[in-house]
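Written below as structure tokens is the structure these notes are about.
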Amino acid sequence: MNQLLDLAFALLTAPERALRQVTNEERLKEGFILWLFVVFLLSLSVFRQGPGPVVQFLMLFLFMGAALLVHSAVIDYISGLWGGMGTAQGITAGFMAASLPLAFSVVFSFLDNLGISFLSGIGSFVIFIWSFYLDVKAISENYRFHFGKSVLIALTPYVLAVVFLLALMALGVMAAVEGIANMQDVQTIESVISGM
């Protein structure tokens, strides 16, 4: 427990050193416990009405766990292509530890419930930037990249997701246009047949 508190404190005060330890030593156990605590707090902050806190926690655990594993795999693959020397276990542990800022979203969720949504929006933005910064530092420490290259690698999954969504939308538009063209062809053929 003491190591976990030391890790959480180090992530707040000296994130570079903390993430270097977590990624290089592949401290999955400490990262997982910290991440589990964050998921628990998030499930409390999003719980209003619905299936209940236990189901809410399990749903968040499964969704965030799948997102974490996919994110780690994509970053590990891209980093390997760019000559990184880290491990998949190291980056997964780093991303788990880097999720710590999300725990503070409970405070901003509470402020939002009090009607202070302006502070909630600013706080959520700060938490997003802080979490992204810790992700970049985890990539940097795990794969021994400089900061700029780590930022590019951290942005790559988001760029790929946007490209994928745009491609899906383009396919949908093309299918709709083709469907409309086929409907017009059918109507033209029907009008020719009815004119005979």
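The values are calculated or read from the model by the stated rules, or taken from the named source; none is laboratory data. Source: prediction; values computed, not measured. Note that we place each Cβ from the backbone using ideal geometry, even for glycine, and neighbour counts take in every protein chain shown. Each accessible area value is taken on the protein alone, full model and side chains, heavy atoms only, with ligands, DNA and RNA left out. Shrake-Rupley method; radii C 1.70, N 1.55, O 1.52, S 1.80 Å.
Expressed per residue, the C-alpha convex hull volume of segment 1-78 stands at 108 Å³. Ordering TRP82, TRP35 by accessible surface, largest first, gives TRP82, TRP35; the 1.4 Å probe counts only protein heavy atoms, with every chain in place.
Working with all protein chains in place, sort SER79, SER109 by solvent-accessible area computed with a 1.4 Å probe, largest first. Could the numbers behind the result be given before it?
On the way: SER79 0, SER109 20 Å².
From most exposed to least exposed: SER109, SER79.
Relative contact order of the chain, taken over Cα pairs closer than 8 Å and 6 or more residues apart, is 25 percent.
Surface listing: ASP76, ASP6, ASP112, ASP135 arranged by accessible area from highest to lowest gives ASP6, ASP112, ASP76, ASP135, probe 1.4 Å.
Calculated on C-alpha atoms, the gyration radius of segment 12-149 divided by its Kirkwood radius gives an Rg/Rh of 1.01.
Applying both filters, DSSP loop and at most 14 other Cβ atoms within 10 Å, to the trypsin sites (Lys or Arg not before Pro) of segment 8-110 gives ARG48. As an equivalent ellipsoid, segment 105-146 spans semi-axes of 31, 8, 4 angstrom, where each value is the square root of five times an eigenvalue of the C-alpha gyration tensor, largest first. Average accessible surface for the chain: 61 Å² per residue, computed with a 1.4 Å probe over protein heavy atoms with every protein chain in place. Rolling a 1.4 angstrom probe over segment 1-119 with all protein chains present gives an accessible area of which 71% lies on carbon and sulfur atoms.
Please report, in debye to the nearest 20, how large the charge dipole of segment 1-153 is about its Cα centre when each Lys and Arg carries +1 at its beta carbon and each Asp and Glu carries -1 there.
80
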